[in-house]
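The values are calculated or read from the model by the stated rules, or taken from the named source; none is laboratory data. Because the structure is predicted, anything quoted here is derived from the model rather than measured. Here the Cβ positions follow ideal geometry from the backbone for every residue, glycine too, while neighbour counts run over all protein chains shown.
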Amino acid sequence: MSESNQKSGSAGNTTAFFVMAGVSFAVALLAMVVGVWNLDVGAWERAFLALGALFLTTSTFTLAKVVRDAQESAAVMARLDAARVERILAEHDPFRAVS
């Protein structure tokens, strides 16, 4: 685990997990393409299914990016809040006279 991951408390993805995710995506996409190509339907139906598969694939990438961005934004806000609290606690002197 890297030092930055230890600080934030989250584990990073290993290279093996990244490769497995990429290979499984490629196999699923290839299976979909082969399945659409080998269907016993006309060209218009095949084109419609291929376009649907393409749209689903691009939508999946977009959704994954949106979720990742939201998580990163929440993590940044949490770090900013923690820094603010640390600064307030560092500046607080309980023995200072109230005036």
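Being within 30 Å of residue 12 (Cα to Cα) and in contact (Cβ under 8 Å) with a residue 12 or more places away in the chain narrows it down to one of 82, 70, 75, so name that one. Of the residues listed, the single one that is within 30 Å of residue 12 (Cα to Cα) and in contact (Cβ under 8 Å) with a residue 12 or more places away in the chain is 75. Selection within the stretch 26-48: residues that are of a type outside the set (A, V, I, L, M, F, W, C) and not in a helix (DSSP H, G or I). The member of this set that is nearest to residue 58 (Cα to Cα) is 38. Which number in (1) at pLDDT 85 or above; (2) over 30 Å from residue 28 (Cβ atoms); (3) among the small types (Gly, Ala, Ser) marks the one condition that residue 52 misses? Condition not satisfied by residue 52: (2).
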